[in-house]
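Asks: Dumping the structure here so I can ask a few things about it.
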2 protein chains.
Amino acid sequence: MGRTSDARNKILTAAQSLIEQRGYSALGVAEICKTAGVPKGSFYYFFESKESLALAVIDEHWAAERREWERALSGDAEPLQRLRRLFEAMETRQRAGQDGCGSVLGCMYGNLSLEMSNRADAVRLRLQDIFEEQVEMVGAVVAEAEQHGEVTVSDTQGAARSLVAQLEGQVLFAKLHNDPAQLSTLWPSCLALLGMRNHQVPAHA
Amino acid sequence: MGRTSDARNKILTAAQSLIEQRGYSALGVAEICKTAGVPKGSFYYFFESKESLALAVIDEHWAAERREWERALSGDAEPLQRLRRLFEAMETRQRAGQDGCGSVLGCMYGNLSLEMSNRADAVRLRLQDIFEEQVEMVGAVVAEAEQHGEVTVSDTQGAARSLVAQLEGQVLFAKLHNDPAQLSTLWPSCLALLGMRNHQVPAHA
């Protein structure tokens, strides 16, 4: 039992790394198994198909990343300061990816959205849920910032959605230029989307 | 001569449509030739490789789309009105894609950035140039809007970059949801990025 779940984990780890580096379509099950160091036969013991493996990879990835989002967005700091912590964590994450494998890997959900959403409905729906959850998490903190009088927006969820869209757009540029510094203007853009100018933000935020 | 250039055009047209619908990695040269209705031998007469075909598709696509951008951004209207025309044209384009093939196809450059930029340097550089050109075109109109006193931004090119990033992020959502209406908040987000609130915009804009 220990051994079989080891094999499943090895497949998941190999698939995550390969999908992040090269996308989904370019991969075959044989290559994933070879990288994982498990026999191809065991693949279909754990996963019905390459698509169901992709779903498992997405779920594992989001389970870990959600904790990172929750950690950044919770705590006693002012709401804007927590939002800033989240967006700075995203830049740190892209830097870590580049340090690790030489390439800015971008956002797995954004990558797979553009690559797969026309073709794989189960993946599309899962990615919709994840982005929905991200917008809700950000929206809750924007709502707090409104209650604290830090920002005034006409549509809280709309503003949260534009923040997540800005993150995806700027992460795309970071990946395209293989340069995490492309994200250095992310926070000023987020402040603008919240109706603030940089100089309006209190120093402690 | 007429025939051979017909074959080249057929390959380009088939490849553009297939790349828009399914991305790059999922395609093979044989399938492209079959869709184009040309013998596989003629492919390598016109293109060195699948990657050089992708570059030709990107160039043709941008040559046509650049004219659309120029048309939207030029003319006698106020700068903000021209910017709005551009962003509305992008929504119209996604609607047309959906009407044509049933799927919101997204932005070809964004799609290929996330799919290919880790792996194909020539494609990466070409896409960088296209986004650079887009940011410059938008930046020129933002600068005009500043001269006209329509907006005040602290960093014109930075603001232009955040507008193009917002477009890419929201087009990603439109593709993911297969719903062009996801772009209906694009213009309000753009106004916010330019430091304006919707109600501050003169009625004619």
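The values are calculated or read from the model by the stated rules, or taken from the named source; none is laboratory data. Because the structure is a prediction, the values reported are computed rather than measured. Cβ sites come from the backbone with ideal geometry, for glycine too, and all protein chains shown count toward neighbours.
Asks: Take the residues in region B:106-130 that are within 7 Å of chain A (Cβ to nearest Cβ) and hydrophobic (A, V, I, L, M, F, W, C); name whichever of them is farthest from B:Ser49 (Cα to Cα).
Replies: Checking each candidate, the answer is B:Leu114.
Asks: Quick check on this structure: which one of A:Ala72, A:Ala54 is buried (at least 20 other Cβ atoms within 10 Å of the Cβ) and without any contact (Cβ under 8 Å) to a residue 24 or more places away in the chain?
Replies: A:Ala72
Asks: Just the residues that are of a type in the set (Val, Ile, Thr) and either surrounded by 21 or more Cβ atoms within 10 Å (Cβ to Cβ) or in contact with a Ser or Thr (Cβ under 6 Å, 6 or more places away or on another chain) (or both), please, taken from region A:89-111.
Replies: The one that is of a type in the set (Val, Ile, Thr) and either surrounded by 21 or more Cβ atoms within 10 Å (Cβ to Cβ) or in contact with a Ser or Thr (Cβ under 6 Å, 6 or more places away or on another chain) (or both): A:Val104.
Asks: Being charged (D, E, K, R), touching a Ser or Thr at 6+ places or on another chain (Cβ under 9 Å) and assigned by TED's automatic domain parsing to the domain that holds A:Gln147: is that true of A:Arg82 here?
Replies: Yes.
Asks: Here's a follow-up. Of the conditions (1) part of a loop (DSSP other than H, G, I, E, B); (2) within 14 Å of chain A (Cβ to nearest Cβ), B:Gly75 satisfies every one except a single condition; which number is it?
Replies: The failed condition is (2).
Asks: Would you tally the residues in region A:165-185 being more than 7 Å from chain B (Cβ to nearest Cβ) and free of Cβ contacts under 8 Å to residues at least 40 places away in the same chain?
Replies: Result for region A:165-185: 2.
Asks: For region A:112-167, which residues satisfy the criterion of being buried (at least 23 other Cβ atoms within 10 Å of the Cβ) and among the acidic types (Asp, Glu)?
Replies: If the condition is that a residue be buried (at least 23 other Cβ atoms within 10 Å of the Cβ) and among the acidic types (Asp, Glu), then A:Glu115 is the only one that fits.
Asks: Among B:Glu70, B:Glu132, B:Glu150, which is of a type in the set (Asp, Glu) and modelled with pLDDT under 95?
Replies: Answer to the check: B:Glu150.
Asks: On to the next question. Quick check on this structure: which one of A:Ser162, A:Ser103 is facing chain B (nearest Cβ under 7 Å) and in contact with a Lys or Arg (Cβ under 9 Å, 6 or more places away or on another chain)?
Replies: From the options A:Ser162, A:Ser103, the qualifying one is A:Ser103.
Asks: Residues being touching a residue at least 60 places away in the same chain (Cβ under 8 Å) and over 21 Å from B:Ala174 (Cβ atoms): count how many of those fall in region B:117-139.
Replies: Summing the residues that are touching a residue at least 60 places away in the same chain (Cβ under 8 Å) and over 21 Å from B:Ala174 (Cβ atoms) in region B:117-139 gives 6.
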